[in-house]
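Report on the structure given below.
The values are calculated or read from the model by the stated rules, or taken from the named source; none is laboratory data. Just so we're clear, the structure is a prediction, and the values are computed from it rather than from any experiment. Cβ atoms come from the backbone with ideal geometry, glycine included; neighbour counts cover every protein chain shown. Please note that ligands, DNA and RNA were not included when accessible areas were found on the heavy atoms of the full protein model with its side chains. Shrake-Rupley method; radii C 1.70, N 1.55, O 1.52, S 1.80 Å.
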Amino acid sequence: MSSAPRTPARPHTPRAVVIGGGIGGLTAAVALRQCGWHTTVLERADSLEPVGAGIGLAPNSQRALDVVGLGDTVRALATWHGDGGLRTPSGRWLSRTDSRAAAERFGGPLVPLHRATLIEHLAARLSSDALLLGTSAVLADPGVPAGRPARVTTTRGDIAAELVVAADGIHSDARTALFPGHPGPRYTGVTAWRVVVPALDRPFPPHETWGSGALWGSQPLKDDRIYAYAAAAAPSGQRAGDDEKSELLRRFGDWHDPVPGIIAAAHPEQVLRNDIWHQKDPLPAFHRGRTALLGDAAHAMAPFAGQGGNQAVEDAVVLAHCAPPDADLAAGLAAYTAQRLPRATAVVRLSARIARLATLSNTPAVAVRNTLMAAASRLGPGLVLRTFDGIADWCPPQPTYAAGAAGAPPKRRREPSD
């Protein structure tokens, strides 16, 4: 009696679980899926609508997004086609930055956009069953010792995975589980506000304004809205007695146009306030066992270099490059740490230095700072832009579709100085 032929068993597709559905987590999920992982994103919020704020995507993250097919989509949203720069609260320009010079130096312009726009494009590249909303997750086992899968406990039950990517933010529970003796992020001494409002009647160039112990930034977006942010030295945990719009008026209401108009256009409930924390002491590694840390969970930084989200996107594509599903995962995660930890640490420290400079409050020190910034600008835009050499001209390790075409990286490539 002959038996029926056996159906060949389907090869096992290794599973990667991503904790956190922010920009870094979603980029990692898309990049890992493209290289062969079965990816699942666990997001505790009930929707992917991020709290209303903007992000500036620099050329380094645009090239990283080329890896997942979104670089040109982002470049099409560029709004900065002229001059911008640094001002004083009275409106005097301390320095001017030419968008053309920046694009030539770094291989593209800065693209400001609403975070929701990027989240939407990333989520569209995942299947509906790959994104589990309203799902809290705790790293139960990082996959140590080697040889066993990692395990995540969720509100839907336990999930075993060959790889866990912890993109669970600045106060990451996964980071604490991996490195319980590490002090974690510390308060920078600066609090920040963010708001997105409709465009004003009169256009204006993008700018950042440095005052005494405070700063303001205004960025027009492609969709006829404005992203504005502000920061000031303050004790942690403080909140306005009335509302944060009123606090902005008290602190910035007499600054140059368009600052008062932007504040006036905001609804009080739209103004977000968050204390700024950073990972002053670097972690010993960005991985342990089968678990990798990414974005703020790995290297929280002050936003003053504009690189927090950009570095998370870089993390994601480098992780996918270093840890394909058919390779030695331990070696791949070690390579991920080796590539990302020193670079991210340097950017964290640069951001901290800019924060200290931008929020000086001593009157003589502010005067000296402003004089030096104005002098540097008179020597040419290259001197100001040089701060971001080795950062904005970074290229991903894998080939991108934009290589050799529009959006290609500049010939020069430097690493940021420590």
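Quick notes on this one:
- Matching entry among 290, 343, 369 (being of a type outside the set (A, V, I, L, M, F, W, C), open to solvent by 50 Å² or more (accessible area, probe 1.4 Å) and in contact (Cβ under 8 Å) with a residue 60 or more places away in the chain): 290
- Elements of the type helices (runs of 4 or more DSSP H) sitting completely within region 1-78 and holding at least 1 residues that are under 21 Å from residue 300 (Cβ atoms) and modelled with pLDDT of 95 or more: these cover 23-34, 59-67.
- Selection within region 153-175 - in contact (Cβ under 8 Å) with a residue 60 or more places away in the chain and either over 24 Å from residue 49 (Cα atoms) or among the charged types (D, E, K, R) (or both): 159, 160, 161, 162, 163, 168, 175
- In region 118-133, residue least open to solvent (accessible area, probe 1.4 Å) [restricted to those that are more than 23 Å from the chain's Cα centre (by Cα) and at pLDDT 90 or above]: 127
- Scanning region 232-264 for residues that are farther than 15 Å from residue 193 by Cα and buried (at least 17 other Cβ atoms within 10 Å of the Cβ) yields 255, 256, 258.
- Qualifying residue in region 144-151 (condition: touching a Pro at 6+ places or on another chain (Cβ under 8 Å) and either at pLDDT below 95 or among the aromatic types (Phe, Trp, Tyr) (or both)): no
- On the stretch given as region 372-383, residues that are in contact (Cβ under 8 Å) with a residue 60 or more places away in the chain and open to solvent by less than 20 Å² (accessible area, probe 1.4 Å) total 1.
- Residue in region 321-332 that is closer than 18 Å to residue 394 by Cβ, in contact (Cβ under 8 Å) with a residue 40 or more places away in the chain and touching a strand residue (DSSP E or B) at 6+ places or on another chain (Cβ under 7 Å) present: no
- Hits in region 245-295 - residues which are assigned to a loop (DSSP other than H, G, I, E, B) and aliphatic (A, V, I, L, M): 266, 271, 283, 285, 294
This table checks each residue for (1) under 16 Å from the mean Cα position of the chain (by Cα); (2) crowded, with 24+ Cβ neighbours inside 10 Å.
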{"residue": "16", "(1), (2)": "no, yes"}
{"residue": "29", "(1), (2)": "yes, yes"}
{"residue": "34", "(1), (2)": "no, no"}
{"residue": "37", "(1), (2)": "no, yes"}
{"residue": "46", "(1), (2)": "no, no"}
{"residue": "53", "(1), (2)": "yes, no"}
{"residue": "67", "(1), (2)": "no, yes"}
{"residue": "75", "(1), (2)": "no, no"}
{"residue": "83", "(1), (2)": "no, no"}
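- Residues that are in contact with a strand residue (DSSP E or B) (Cβ under 9 Å, 6 or more places away or on another chain) and small (Gly, Ala, Ser) within region 143-184 comprise 143, 150, 160, 161, 166, 167, 172, 174, 177, 184, listed in sequence order.
- The residues in region 89-117 that are buried (at least 18 other Cβ atoms within 10 Å of the Cβ) and either in a loop (DSSP other than H, G, I, E, B) or at pLDDT 95 or above (or both) can be counted, and the count is 4.
- Looking only at residues of region 346-366 that are touching a Pro at 6+ places or on another chain (Cβ under 9 Å) and under 19 Å from residue 216 (Cβ atoms), we find that the one that is surrounded by the fewest Cβ atoms within 10 Å (Cβ to Cβ) is 355.
Here's the yes/no breakdown for (1) at pLDDT 95 or above; (2) of a type in the set (Gly, Ala, Ser); (3) not in a loop (DSSP other than H, G, I, E, B):
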| residue | (1), (2), (3) |
| --- | --- |
| 202 | no, no, no |
| 223 | no, no, no |
| 229 | yes, no, yes |
| 232 | yes, yes, yes |
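- When the criteria are applied in full, residue 160 fails the requirement of being farther than 24 Å from residue 278 by Cβ, hydrophobic (A, V, I, L, M, F, W, C) and assigned to a helix (DSSP H, G or I).
- The set of residues in region 135-152 that are over 23 Å from the mean Cα position of the chain (by Cα), open to solvent by 30 Å² or more (accessible area, probe 1.4 Å) and touching a residue at least 40 places away in the same chain (Cβ under 8 Å) comprises 144, 145, 146, 149.
- Restricting attention to region 16-71, the residues that are more than 25 Å from residue 175 (Cα to Cα) and of a type in the set (D, E, K, R) total 2.
- Counting the residues of region 302-312 that are in a loop (DSSP other than H, G, I, E, B) and open to solvent by less than 20 Å² (accessible area, probe 1.4 Å) gives 2.
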